[in-house]
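The values are calculated or read from the model by the stated rules, or taken from the named source; none is laboratory data. Keep in mind the model is a prediction, meaning the values are calculated, not measured. Cβ placement follows ideal geometry from the backbone for every residue including glycine, while neighbour counts extend to all protein chains displayed.
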Amino acid sequence: MSFADGVFVVTLGSEYSHLHENMLDSLAVLPLLADCIVPPRMVIDMAPVQFIGSALIGHLVAISQRLAARENGALGLCNLNKFCRTALSVLNLDTMLQTFDSAESAVATLGSK
């Protein structure tokens, strides 16, 4: 994790290439961060993610809602592959979950809030 221009950037490692329900425990820190980071802006860099299951999509929605409930809170996802973008789109979540092509563009947008 790093901090850039008022945004916490979480970079997932290669062990997160397939985000199934059994990965929830290893990502349990993200909702906790959403509740306490100041300022409440987070970007999750999903570059290594090849597959994301419905349980993890729900987890991202919950994180987004926790951040949005805080003043100027926001979540951005970046570097999503075509499968992950399609999964969000099919569920009509691509409007709720902000996506960006890169961590830099996410930080530039969310950092200006």
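Screening His59 on (1) out of contact with any His (no Cβ under 7 Å at 6 or more places or on another chain); (2) more than 17 Å from Thr99 (Cβ to Cβ) shows it passes everything except condition (2).
When the stretch 59-113 is examined, which residues are found to be more than 19 Å from His20 (Cβ to Cβ), of a type in the set (Val, Ile, Thr) and without any contact (Cβ under 8 Å) to a residue 12 or more places away in the chain? Residue satisfying the conditions is Thr95 alone.
Applying a threshold of 9 Å to beta carbon distances and a minimum spacing of six or more residues, or different chains, the list of pairs starting in the stretch 8-34 at a residue that is under 21 Å from Glu104 (Cβ atoms) and assigned to a strand (DSSP E or B) and ending at one that is at pLDDT below 90 and of a type in the set (Asp, Glu) is empty. Within the set Asp101, Asp45, Asp94, the sole residue that is modelled with pLDDT under 95 and acidic (Asp, Glu) turns out to be Asp94. Considering each residue of the stretch 30-52 in turn, at least one proves to be aromatic (Phe, Trp, Tyr), surrounded by fewer than 16 Cβ atoms within 10 Å (Cβ to Cβ), over 12 Å from the mean Cα position of the chain (by Cα) and under 23 Å from Thr86 (Cβ atoms). For the stretch 55-113, the tally of residues that are farther than 16 Å from Pro31 by Cβ, in a loop (DSSP other than H, G, I, E, B) and within 11 Å of the chain's Cα centre (by Cα) stands at 2.
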